[in-house]
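A quick write-up on the structure given underneath.
The values are calculated or read from the model by the stated rules, or taken from the named source; none is laboratory data. Bear in mind that the values here come from a model prediction, so they are computed numbers and not experimental data. When we count neighbours, we look across all protein chains shown, and the Cβ atoms used for this are built from the backbone with ideal geometry, even at glycine. Keep in mind that these areas ignore ligands, DNA and RNA; they rest on the heavy atoms of the full protein, side chains included. Shrake-Rupley method; radii C 1.70, N 1.55, O 1.52, S 1.80 Å.
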Amino acid sequence: MKLIQADQENLQFEMAHPEKFLLQQVLQCYPLVPATYHRLSKQKSDSNHEENQRLLEEALQAQRQEHRQQIEALLNDAKRFEVCAAGYEVRFSRVEMEWLLQVINDVRIGSWIAAGSPSPKAEPNPPPTKQTMMMEFAAYFEMCFLRALDGGKSSEHD
Amino acid sequence: MCYYFAMPTTVMPETIPDHQTDSKVSLEPGYLVICWDDPVNLMEYVTHVFQIVFGWEQEKAQKHMLEVHEQGKSVLVREGFERAEFYVHRLQKYTLQATMERDGK
């Protein structure tokens, strides 16, 4: 996957057929992180702790639904991936890049949790599983996106 | 003037602290937004998220990312409840391990 053009608004990538397939596979896995993964606070002395935690989980759930709709729209957009000599050209806005990073990282972390949260130091060569492979694929796209964003001026979008 | 002399047992009003008008600090204690280490988030990713969420320059974002990595956590900002909650939520949207803790100071 290669960045071929970037401006203030958009980034355009070139990707091979297998890369497009893998990106679709990663996006279709979303969401993987359990709803109860995040805690608002480690302190439980606050009288509103339970209520605040419930509100946080509701907000994260709403965000997941929104991301799921964005993924569906992206994957069903026939004009999004244009055929080229190397495979496909695809353009993402910087706003899309931010939510794509959130989605891809969710798949990465969720796969790690599903794999039993293995420590990277525990076993040098753990046998590959579906989860560990998905982690690698997600990390690949994450790094491609981060390097592309790092090459241009990044602004706050969410 | 006689009026005052006729009231030798004038009681001075008791001063009761008005908690309603106390400073905002005592009403709303500070909350520390903390990012905790985990073995899975990529260092470049964490730096990027700090830049986006707080609008920091790369150098500052990287300093906090390294603090998380090497010391197990980094205090990112100290804010009132709502602002701290806002930041924690934004960090968690990126699947970072972030919490808000009441500042004991």
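Quick look at the values:
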quantity	calculated
Any hit, region A:74-83, residues being closer than 28 Å to residue A:147 by Cα, among the β-branched types (Val, Ile, Thr) and surrounded by 14 or more Cβ atoms within 10 Å (Cβ to Cβ)	no
Filtered residue count, region A:45-88, keeping only those that are without any contact (Cβ under 8 Å) to a residue 24 or more places away in the chain, more than 11 Å from every other protein chain (Cβ to nearest Cβ) and assigned to a loop (DSSP other than H, G, I, E, B)	7
Selection within region A:94-131 - of a type in the set (S, T, N, Q) and within 15 Å of the chain's Cα centre (by Cα)	A:102, A:105, A:111, A:131
Count of residues meeting criterion [more than 9 Å from chain A (Cβ to nearest Cβ), under 24 Å from residue A:104 (Cα atoms) and in contact (Cβ under 8 Å) with a residue 12 or more places away in the chain] in region B:77-90	1
Residues that are under 12 Å from residue A:56 (Cβ atoms) and β-branched (Val, Ile, Thr), drawn from region B:74-105	B:88, B:99
Count of residues meeting criterion [buried (at least 16 other Cβ atoms within 10 Å of the Cβ), in contact with an Asp or Glu (Cβ under 8 Å, 6 or more places away or on another chain) and not in a strand (DSSP E or B)] in region A:10-39	5
Number of positions in region B:91-105 that are within 9 Å of chain A (Cβ to nearest Cβ), open to solvent by 10 Å² or more (accessible area, probe 1.4 Å) and assigned to a loop (DSSP other than H, G, I, E, B)	1
